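Worksheet: one structure, shown below.
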Ligand SMILES: [Cu+2]
């Protein structure tokens, strides 16, 4: 019985170490803009803030490991050295000034080492630098709505594209499948994406229209609450062209897991042409806009207005 149990433990240990090594390898070589299966650690940083968060996390990890190993080593040594068999007459020492000084001062030094990068990072991420553009994200049950006040008030809603949704028509499923191809990410892809230019400081204003939500994009190091009646502010400056994913990060109701965030970081020229396209769409007469919207979302498939 014991032998079989030991064998099983050995097997489990082998699987764990294989997974751990595979993850280490994965983390070191793959570019991740979204979460990956069996991922350990953070997604690759796309902004300076996220880079600082990652290195601060690594610093804390080293400190925590050193403390844990040190405490464990002392405990094991004490259990062995001062057991009743080895140490039948216990010491009666109750105070030791030097020792007490050390165990007070050393933790203070450790905290000072932590607090300096911690406050630096806190202010770096919190204070919005001079922004080149602003976008406003409003959380609703259960989608995000975006506005670009600096670009002729472009506005749109971003809904999750869920190809497993039984209510989505076969025609629409085909359309989205063709659009996304192999890259489709369920619960992360949206019908309208946030588009921003690369190397541009973007101020993000965040609020909500009904209940609490949170706008979070891990690769940017952003997680800001969306509170009804309150305007929160954060910022990012994406350094790499690419697609970045996030999700609502405040439990907001039944379909909380179905309001993803997709940010496409594009070149400045691509952004300008995207703005032109969006503005043209926004400037359509109201009725036509409505019809386009209804057609697009497939609420109306027949009837006069849809033509
Ligand atoms: Cu939400």
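The values are calculated or read from the model by the stated rules, or taken from the named source; none is laboratory data. None of the values given here were measured: they were computed from a predicted structure. For neighbour counting, all protein chains shown are included, and Cβ atoms are generated from backbone atoms with ideal geometry for every residue, glycine included.
Mind listing whichever residues of segment 246-268 are assigned to a strand (DSSP E or B) and within 8 Å of the ligand (Cβ to nearest atom)? Before you say what the answer is, go through the steps one by one.
Pass one, segment 246-268, residues assigned to a strand (DSSP E or B): 246-248, 260-266.
The answer is 248, and nothing else.
Kindly indicate whether any position in segment 231-244 is within 16 Å of the ligand (Cβ to nearest atom), surrounded by fewer than 19 Cβ atoms within 10 Å (Cβ to Cβ) and in the same structural domain as residue 164 (by TED's automatic domain parsing).
Within segment 231-244, one or more residues are within 16 Å of the ligand (Cβ to nearest atom), surrounded by fewer than 19 Cβ atoms within 10 Å (Cβ to Cβ) and in the same structural domain as residue 164 (by TED's automatic domain parsing).
May I ask you to list the residues in segment 172-217 that are surrounded by 18 or more Cβ atoms within 10 Å (Cβ to Cβ), within 16 Å of the ligand (Cβ to nearest atom) and not in a strand (DSSP E or B)?
The answer is 188, and nothing else.
Got a number for residues in segment 128-159 being within 24 Å of the chain's Cα centre (by Cα), closer than 25 Å to residue 283 by Cα and touching a residue at least 40 places away in the same chain (Cβ under 8 Å)?
18
Need the failing condition index for residue 257 against (1) at pLDDT 95 or above; (2) surrounded by fewer than 19 Cβ atoms within 10 Å (Cβ to Cβ), just the number.
In the conditions (1) at pLDDT 95 or above; (2) surrounded by fewer than 19 Cβ atoms within 10 Å (Cβ to Cβ), residue 257 misses (1) alone.
Any residue in segment 71-89 that is modelled with pLDDT under 95 and at positive phi?
No - not one qualifying residue is present in segment 71-89.
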